[in-house]
Amino acid sequence: MNASILGHRVPRTEDPRFLTGRGAFIDNLPLAGAVWVTYVRSPVAHARLGPIDVDDARGAPGVLAVVTADDLDVPPVPLDLPALASAPMPRSMLARDVVRYVGEPVAAVVTETVAQGEDAAALVVADYEPLPVVLDVEAALSGEVLLFPEAGTNVCLELTGDEVSFDECEVVVRRTLHNQKVAPAPLEMRAAASRWEDDGRLTHWQACQGAHPIRDRLAALYGLEPAQVRVITPDVGGGFGAKAFSYPEDLLLPWLARAVDRPVRLAEQRSDSMVGLGHGRGQRQEIEIGGTRDGRVRAYRLTVTQDAGAYPRMGAVLPFMTRMMLTGTYDIPAASFSSRSVVTNTVPTVAYRGAGRPEAAAAIERAMDLYAAEIGMDPAELRRRNVVGPDRFPFTTPTGTRYDSGRYAHGLDLVLAAAGYPELRAEQERRRAAGERLLLGIGLSVYVEITALSGGGEYGRVEVRPDGWVRVVTGTTPYGQGHHTTWAMLVADRLGVPLDAIEVVHGDTDLVPAGSITGGSRSVQLGGTNVWRAATHVVEQGREIAARLLEADPADVVLEEGRFHVAGTPALSRGWAEIATVAADERGELLAGEGDFTQDGGTFPSGAHIAVVEVDVETGAVQLVRFVAVDDAGRIVNPLLAEGQVHGGIGQGVAQALLEEVVYDADGNPLTTNLADYAFISAAELPSFETVHVETPSPRNELGAKGIGESGTIGSTPAVQNAVVDALAHLGVRHVSLPCTPERVWRAIQEATGDT
């Protein structure tokens with residue numbers, strides 16, 4: 001038997017390359033003869049677009065082309081999902097007739113250098129006839145101003161559900177919540193390049209979350225067969241869902257490359273990214289929760305209005321996921337959900353870490369705290385009385401979601417113990433009684449989410465070369481998750497070879513036959529399971545060959561520490577290099593295996609988080625002083641990588657709770673277009689996190705794995721928001737809207753104490 005490496009804290013094998021400056025990012029890839037694309041963006045939020053004067057720009061130094069919508073012969077931007085086809089709200093690659101948000105591209109300038117592009121773009125003059133601006137979902141629902149008059153409505157998607165009655169409830173609490181729009185702000189902004197080869201094939205590089213979906217979209221757009229398009233995704237510096245789909249700026253590059261007969265490159269600036277890369281969240285939530293005075297929740301209703309931004313994209317479909325996770329970890333007998341997604345004159349909304357599931361958790365977790373406050377019960381006790389019991393799995397929620405496994409009360413008990421909950425409450429009371437300036441708040445969140453959504457599979461192949469090196473080919477695309485390390489660990493565990501003898505190949509449609517988007521925390525359970533199975537198939541083939549070489553029955557041959565031998569006689573053995581050489585000689589091909597796993601449905605990670613904050617009662621300033629996270633993502637391959645994912649997710653969730661918000665003025669001008677104005681969180685605002693892992697294996701894949709990439713984001717935001725409100729509860733504060741900025745907190749205190 002091989003000594004198992006799984007479950008060990010193995011350092012990331014990727015890191016030496018990144019730390020020594022050898023990362024292969026698109027912006028530093030050599031591309032001979034390439035020129036640069038700069039997009040001219042609308043400076044107004046809503047206007048009729050008149051003539052565009054490009055003459056001066058075309059005469060500027062280094063300019064090869066200046067292109068507007070009138071020059072293009074490509075179809076509109078493809079829809080992210082078929083569900084969006086019901087509303088006629090098309091988008092052209094460059095704005096035509098109407099602009100609908102600040103930052104919408106109206107022209108493309110192709111130049112020899114980046115600096116020339118910036119100078120020439122400033123010479124493009126467009127005529128804008130302002131139209132009334134729709135900035136919030138209430139104005140969009142009124143229909144007084146329509147972004148697409150031909151559609152007759154601003155509603156681009158609507159979901160309805162069964163009604164639920166609160167007539168039998170002793171207590172009913174209602175509240176309107178706002179889950180604000182945020183910017184994903186990956187450290188690497190959008191980057192892409194296109195080149196037409198001499199044989200007519202298109203090679204396209206893109207910093208994205210999956211090369212194959214981009215290939216298929218480009219092929220369809222330009223009338224090519226998928227085999228005529230090669231998409232390469234090298235290292236990617238963050239995505240968080242926003243890079244899961246293509247954008248007009250990327251899709252237009254092949255057209256521009258053909259027009260100038262040169263390779264073209266795009267590398268946007270931060271100010272472009274903040275108004276070009278899709279935003280996240282953006283829900284108005286109306287919650288109603290009711291039940292008994294002794295703490296049993298009987299009914300829950302959530303009504304969502306989703307801000308889709310100027311054009312319906314993935315963000316318009318987020319309510320599907322919110323509905324899926326409506327009741328969270330709680331056994332609520334009756335629940336209903338309805339939503340309307342509307343267009344506004346803001347940056348289009350896309351998927352952002354958690355994509356609809358953090359919104360569901362934020363709603364139900366605030367609802368539980370509001371309910372607890374109404375009946376005078378400790379929020380931890382209320383949750384304990386309502387979580388789904390471990391004997392109820394598989395558990396089906398009122399919206400038809402079927403949870404695979406979980407121990408929600410166990411996670412709650414663990415986080416309370418780890419945080420020292422009774423001691424925290426005692427300290428809170430002491431500060432209140434003493435009238436101290438810094439008030440203590442304790443916020444709780446018990447969450448569940450779905451990962452790998454509808455299940456499915458992912459490509460995985462393992463090859464052993466005659467020199468003993470192992471090659472893993474995967475359809476997943478890492479952008480910080482550590483797939484190289486994880487896949488190497490899975491293969492090393494099965495084959496008994498060292499990690500540094502394993503190469504992982506991804507992100508090239510010529511080298512990887514198939515692949516999907518890396519998102520929804522699907523990679524280990526789908527891609528990892530297929531890498532595991534592929535390695536298992538290789539072991540089975542290797543045992544057959546070794547049995548012949550050892551003149552033994554395959555059933556008697558074992559694999560230990562990377563060598564095959566007859567059980568009980570390890571002195572005579574055969575290694576992988578010899579086995580692979582025989583396979584190559586006999587078959588004329590590499591010794592290889594492919595994964596054949598398809599998962600039936602998603603998996604459901606869960607956990608419990610406690611946030612401890614100090615709130616300055618005089619200024620409203622909030623300091624997060626402790627954060628304890630218990631997360632259950634099924635069986636963990638590498639705890640070190642899992643903790644990294646949880647830490648990053650918590651950081652982003654805390655940022656939404658306290659800092660981040662996309663802000664517009666009354667005319668639709670964005671006020672948060674750089675990292676000075678947009679409150680991007682840093683280590684200075686965060687304590688060291690305390691993490692505890694629980695492993696409740698999923699029955700839906702043989703690794704027992706569930707996703708963990710989004711868990712931290714889902715549990716942390718409501719925990720921190722609840723903590724802020726909890727700190728002020730004795731003053732009469734019942735709610736503080738996200739983000740809980742000092743001004744909002746201070747105003748809530750003044751309103752509650754009557755000092756306004």
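Odds and ends about this structure:
- When restricted to residues that are part of a loop (DSSP other than H, G, I, E, B) and polar (S, T, N, Q), the stretch 311-334 contains 2.
- Scanning the stretch 603-629 for residues that are at positive phi and either free of Cβ contacts under 8 Å to residues at least 24 places away in the same chain or touching a His at 6+ places or on another chain (Cβ under 8 Å) (or both) gives no hits.
- Qualifying residues in the stretch 706-756 (those that are touching a His at 6+ places or on another chain (Cβ under 8 Å) and of a type in the set (S, T, N, Q)) - the one surrounded by the fewest Cβ atoms within 10 Å (Cβ to Cβ): Ser737
- Residue in the stretch 224-234 that is out of contact with any helix residue (DSSP H, G or I) (no Cβ under 7 Å at 6 or more places or on another chain), open to solvent by 10 Å² or more (accessible area, probe 1.4 Å) and under 30 Å from Gly482 (Cα atoms) present: yes
- Counting only helices (runs of 4 or more DSSP H) that sit completely within the stretch 335-449, those holding 3 or more residues that are of a type in the set (Gly, Ala, Ser) correspond to 357-375, 408-419, 421-434.
- Within the stretch 479-495, the set of residues being assigned to a loop (DSSP other than H, G, I, E, B) and either in contact with a His (Cβ under 7 Å, 6 or more places away or on another chain) or open to solvent by less than 10 Å² (accessible area, probe 1.4 Å) (or both) comprises just one member, Gly482.
- Of residues in the stretch 154-194 being in contact with a Leu (Cβ under 7 Å, 6 or more places away or on another chain) and over 24 Å from Val662 (Cα atoms), the one most open to solvent (accessible area, probe 1.4 Å): Val173
- When Ala60, Ala32 are screened for being of a type outside the set (D, E, K, R), over 28 Å from the mean Cα position of the chain (by Cα) and surrounded by fewer than 17 Cβ atoms within 10 Å (Cβ to Cβ), only Ala32 passes.
- A search for C-beta distances below 7 Å between a residue of the stretch 737-753 that is at negative phi and any residue that is open to solvent by 40 Å² or more (accessible area, probe 1.4 Å) and in a helix (DSSP H, G or I), counting only pairs 6+ apart in sequence or on different chains, returns Ser737/Arg744; Ile749/Leu731; Ala752/Leu731; Thr753/Leu731.
- Test for Ala629: is it closer than 16 Å to Gly709 by Cβ, at pLDDT 95 or above, of a type outside the set (Val, Ile, Thr) and buried (at least 19 other Cβ atoms within 10 Å of the Cβ): yes
- Selection of first residues in the stretch 689-701 that are touching a residue at least 24 places away in the same chain (Cβ under 8 Å) and of second residues that are surrounded by fewer than 18 Cβ atoms within 10 Å (Cβ to Cβ) and in a strand (DSSP E or B), restricted to Cβ pairs under 7 Å at least 6 apart or on distinct chains, gives the following pairs, ordered by first then second residue: Arg700/Asp600.
- Here Asp600, Asp585, Asp596 are screened, and the one residue that is over 30 Å from Ile681 (Cβ atoms) and free of Cβ contacts under 8 Å to residues at least 24 places away in the same chain is Asp585.
So that you can scan it fast, the table gives a plain yes or no per residue for (1) under 24 Å from Gly62 (Cβ atoms); (2) of a type in the set (Ser, Thr, Tyr); (3) in contact with a helix residue (DSSP H, G or I) (Cβ under 8 Å, 6 or more places away or on another chain); (4) assigned to a helix (DSSP H, G or I):
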{"site": "Met93", "(1), (2), (3), (4)": "yes, no, yes, no"}
{"site": "Val109", "(1), (2), (3), (4)": "yes, no, yes, no"}
{"site": "Ala120", "(1), (2), (3), (4)": "yes, no, yes, yes"}
{"site": "Leu123", "(1), (2), (3), (4)": "yes, no, yes, no"}
{"site": "Val134", "(1), (2), (3), (4)": "no, no, yes, no"}
{"site": "Ala139", "(1), (2), (3), (4)": "no, no, no, yes"}
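- Considering the stretch 606-657, and only residues there that are assigned to a loop (DSSP other than H, G, I, E, B) and touching a helix residue (DSSP H, G or I) at 6+ places or on another chain (Cβ under 7 Å), the residue that is nearest to Val415 (Cα to Cα) turns out to be Ala633.
- Residue list for the stretch 289-310, restricted to those being open to solvent by less than 10 Å² (accessible area, probe 1.4 Å) and not in a strand (DSSP E or B): Gly295, Ala310
- Pairs with Cβ under 8 Å, 6+ apart, first in the stretch 457-470 and farther than 27 Å from Ile517 by Cα, second among the polar types (S, T, N, Q): Pro466/Thr581
- Taking the stretch 538-583 as the range and being in contact with a strand residue (DSSP E or B) (Cβ under 7 Å, 6 or more places away or on another chain), under 30 Å from Asn701 (Cβ atoms) and open to solvent by 50 Å² or more (accessible area, probe 1.4 Å) as the test, the residues that pass are Arg543, Glu560, Arg563, Ala567.
- Test: residue in the stretch 63-70 that is assigned to a helix (DSSP H, G or I) and open to solvent by 20 Å² or more (accessible area, probe 1.4 Å): yes
- Unmet criterion (only one of (1) modelled with pLDDT under 95; (2) touching a Pro at 6+ places or on another chain (Cβ under 6 Å); (3) not hydrophobic (A, V, I, L, M, F, W, C)) for Ser445: (1)
- The residues of the stretch 90-101 that are under 25 Å from the mean Cα position of the chain (by Cα) and surrounded by 24 or more Cβ atoms within 10 Å (Cβ to Cβ) amount to a single one, Tyr101.
- Pair list, Cβ under 7 Å, 6 or more apart: the stretch 373-400 residue open to solvent by 30 Å² or more (accessible area, probe 1.4 Å), other residue of a type in the set (A, V, I, L, M, F, W, C) and in a helix (DSSP H, G or I): Ala373/Ala729; Asp378/Ala372; Arg384/Ala409; Arg384/Leu412; Thr399/Met324
To keep it simple, each residue is scored yes or no on (1) among the charged types (D, E, K, R); (2) under 24 Å from Thr485 (Cβ atoms).
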| site | (1), (2) |
| --- | --- |
| Val625 | no, no |
| Ala629 | no, yes |
| Ala642 | no, yes |
| Gly651 | no, yes |
| Leu658 | no, no |
| Glu661 | yes, no |
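The values are calculated or read from the model by the stated rules, or taken from the named source; none is laboratory data. Just so it is clear, the model here is predicted, and its values are computed rather than measured. Methodologically, a virtual Cβ is constructed for each residue, glycine included, from the backbone with ideal geometry; neighbour enumeration extends over all protein chains shown. Quick note on the areas: whole protein, heavy atoms, side chains included, nothing else; ligands and nucleic acids left out. Shrake-Rupley method; radii C 1.70, N 1.55, O 1.52, S 1.80 Å.
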